Structure formats: structure tokens, C-alpha cells
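*Asks:* Take this structure first; my questions come after.
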Amino acid sequence: LDVLRGRSATFVREDELRRSWEIWTPLLHKIERENIQPVIYKQGSRGPVEADIFIEEKAGYKRNVNYSVADDDDDDDNGSASA
């Protein structure tokens, strides 16, 4: 209905769509050609260890293993951390 009313805010422009295909198509072809498989990791975790290794190698960033984020269970009803 939005498109019939001329509301285009929820749609991408033609040039955006074309550019996204230019970026993603070669990547998708490489994944298919080389049979690249996803790295499996535990649900709810920070992600695969390989991601930390990749970022450290490429950007020099070393993760602080002592840093942790409080669980959502630690929050009270108004969104602030409980004491």
C-alpha cells in the first residue's frame, strides 16, 4: 500500500539495490565455488573464537578476557541494574 501512496521510505532506491548486488554477488559466488562453510559456535556466546583471531590478526585488537556484560536477568523492571 505504501508504494501506491508514493511512500518510498521503506524501499531501497534502484541505485542502492544495484550496488548491493555488485557487492554481494561476487561474495556469494566465492562461497558457492569454494564450498565455504559457516563456523559453528554456541548460541548466546560472543561468537566463534576464529572471529577474535581474525580481528587480532587484521586490526591488532586483542580482546580483554576479563570484561563481561551483565545478563538481562540482573536488570530490574525499569531497566537499571539491580544492586
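*Asks:* Ignoring ligands and nucleic acids, what accessible area does residue 61 show with a 1.4 Å probe (Å², nearest 10)?
*Replies:* The value for residue 61 is about 130 Å².
*Asks:* Identify the residues of the stretch 19-38 with backbone N under 17 Å of a label point that sits 7 angstrom from the Cα of residue 12 along the Cα-to-Cβ direction, or state none.
*Replies:* 19-29
*Asks:* As a test question: what accessible area, to the nearest 10 Å², does residue 30 have when a 1.4 Å probe is rolled over all protein chains in place?
*Replies:* Only protein atoms counted, so the area is about 90 Å².
*Asks:* Another one. Once ligands and nucleic acids are excluded and a 1.4 Å probe is used, how much of residue 5 is accessible, expressed in Å² to the nearest 10?
*Replies:* It works out to around 140 Å².
The values are calculated or read from the model by the stated rules, or taken from the named source; none is laboratory data. Just so we're clear, the structure is a prediction, and the values are computed from it rather than from any experiment. Neighbour counts are summed over all protein chains in view; Cβ atoms, including those assigned to glycine, are modelled from backbone coordinates with ideal geometry. Accessible surface is based on the protein model in full, side chains and every heavy atom, while ligands, DNA and RNA are left aside. Shrake-Rupley method; radii C 1.70, N 1.55, O 1.52, S 1.80 Å.
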